[in-house]
1. Working from the alpha-carbon coordinates of the stretch 9-101, get Rg over Rh, Rh being the Kirkwood radius.
2. Can you give the extra length, in nm with one decimal, that the chain gains between residue 112 and residue 193 once fully stretched, where that is 0.36 nm per residue apart less the Cα-Cα distance?
3. Binned at 10 Å from 0, what are the whole-percent values of the Cα-Cα distance distribution for the stretch 174-227, short to long?
4. Normalising by the residue count of the stretch 14-79, find the relative contact order in percent from Cα pairs under 8 Å and 6+ residues apart.
5. Return the percentage of antiparallel bridges among DSSP beta bridges fully within the chain, rounded to the nearest 5 %.
6. At 0.36 nm per residue, minus the direct Cα-Cα distance, what do residue 153 and residue 255 gain on full extension? Give it in nm, one decimal, please.
7. Just to be sure I understand the curve: with the Debye formula and one point per C-alpha of the stretch 1-48, what is log10 I(q)/I(0) at q = 0.16, 0.25 Å⁻¹?
8. Once both axes come from the Cα atoms, what is the angle between helix 234-243 and the longest principal axis of the chain, in degrees from 0 to 90, rounded to 10?
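Derivation of every value follows stated rules applied to the coordinates shown; laboratory data play no part. Everything numeric in this text was worked out from a predicted model, so none of it was measured. Cβ sites come from the backbone with ideal geometry, for glycine too, and all protein chains shown count toward neighbours.
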Ligand code: AMP
C-alpha cells in the first residue's frame, strides 16, 4: 500500500434529509483518526443514518495545492458585509446581476425557499443562470486534504489571529481547491450553521476575503456559489471539483485589512 492516500468521506442524514458531510484525504496511518473525526461530527447532528466511505487514491494522481491569502475584514454589519461581498465578486469578474442572483439564492434557500443545498450552486458569472443539474445536491467538492504538517501549521497561523474554529480552516482548504479549478472565477459562501455567521468571497485575484458577519446569528440558511466563466464545459470542471485528489502543502499569508 506504499504511496497511496485514502479519501475518507462522511454523510449523515435523518429521514433521508441531509444533516452533515465531512471529508479528508490522508495517508494510511491516519485513516482511523480521520474516520473517527468524521463520525464524531456526524453524531453531533443526531442522524439516523451515517455513511462512511474510504477509498484509495494513488499518490501520483494528487494535485499539489496552496491556500489562498486570507484577507481579514472587521465589518460588523450584515448589510455592509453583503455589499462588500458583492463588490469583491464584481472585482473578480462576476457581473452585478450574477452576484446578486447568487446572494439572493443563498439568503432565501438555494435548494428551494427555506431549504439549503447539500453542495454548491454553479452560477454563470455573466448571466447569473444556475448551471448545476440538481438543486438539492449541487456540486460537492471532495477528495481534498492536507499534506504533511500543513494542517497543524495552518491551525497555528489561524490561532495567532483568533481564528480557531474548524470551519475557517476547512473553508480555506475547500476554497483552495475551488480556486484551482480552471473556469471558476470566484466563490461566495456562508455557513448554514445558525451560530456561525462568517462567510467569504474567494477569487484568484483577491484571495479569500473573510467577512465575520455575512448573516445574522440564528439564521439557519447558507450555502456556496461557484461562479463559472461563460461557455465553460461543465463535466471536466465538475470532475475536477468532485474527484481529483488535491493536497494542500503550502499556506497563504494572513492580511489584516485596514478599515
Ligand atoms: P458549511 O460551511 O459546512 O456550513 O456549509 C455551508 C454550505 O456549503 C452547505 O449548506 C452546502 O450548501 C455547501 N457545502 C458544504 N460542503 C460542501 C462541499 N464539500 N462542496 C460544496 N458545497 C458544500
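1. Here the Rg-to-Rh quotient is 1.12.
2. On the way: separation 81, 0.36 × 81 = 29.16 nm, distance 1.75 nm.
Extra length from residue 112 to residue 193 when fully extended: 27.4 nm.
3. P(r) over the stretch 174-227, rounded to whole percents: 28, 48, 22, 2.
4. 32
5. On the way: 39 of 57 bridges.
Counting only bridges with both partners in the chain, antiparallel ones make up about 70 percent.
6. 35.1 nm
7. Here the Debye-derived log intensity ratios amount to -0.46, -0.82.
8. Between the helix axis and the principal axis of the chain, the angle is about 50 degrees.
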